[in-house]
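Visitor: Here it is: the structure, laid out below.
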Amino acid sequence: MPGAFGFGLATAVHAIVVLLGVGLLIQDNRWVLTYLRWGGGIYLASLAFGAFFTTSGSSDAKTEMSSQRKMFADSFLVSLTNPKGWLASLLIYPSFISPYFSYTIQAVALSLTAMVISLSIYGGYMFLAHKARAALDNKAALNKVTGVIYAAVALCLVLLPY
């Protein structure tokens, strides 16, 4: 679940930035999205490298806690450096704001709703991934598959157009 909370927090950051008006600066300066795109690609490539070449070792409580913190941080950073998340936020959030009601109340409600949706979706993904991991008990093979997936996403992020 730490990964879902990382994605949820990043969703809140997206909402806050866009709804505070900083999103207009990003919209007017598209180069920011290019830097986010390359930063996200490099970060995912480093995760792929780490997952692909990690050795499977024993899991103790300290390692598990460190792993949960890392999962939270990784999911938070991956989501924040994804330009598609920023674009979606820029395009979608303003369309839900009505000039007839309090902007603050609408912004808070929209941010909380986005967080709940993000937590639900990514929590479901994490639950399914946990079940799949239990079924695929070979940690070395799982790390290789994870590395390949991260590498593929990094390449898509860098090479495909917005």
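The values are calculated or read from the model by the stated rules, or taken from the named source; none is laboratory data. Nothing here was measured: the structure is a model prediction, and the numbers come from that model. Cβ placement follows ideal geometry from the backbone for every residue including glycine, while neighbour counts extend to all protein chains displayed.
Visitor: Which of the numbered conditions does Lys131 fail, given that it passes all the others? Conditions: (1) more than 27 Å from Asp28 (Cβ to Cβ); (2) at pLDDT 90 or above; (3) loosely packed, with under 14 Cβ neighbours inside 10 Å.
Guide: Among (1) more than 27 Å from Asp28 (Cβ to Cβ); (2) at pLDDT 90 or above; (3) loosely packed, with under 14 Cβ neighbours inside 10 Å, the lone unmet condition for Lys131 is (2).
Visitor: Could you list all residues from segment 83-105 that are at pLDDT 90 or above and part of a helix (DSSP H, G or I)?
Guide: Ile105, the sole residue that qualifies.
Visitor: Which residue pairs have Cβ atoms under 8 Å apart, sit 6 or more places apart or on different chains, and have a first residue in segment 142-155 that is modelled with pLDDT under 85 and surrounded by 14 or more Cβ atoms within 10 Å (Cβ to Cβ) and a second that is part of a helix (DSSP H, G or I) and basic (Lys, Arg)?
Guide: Leu142/Arg133
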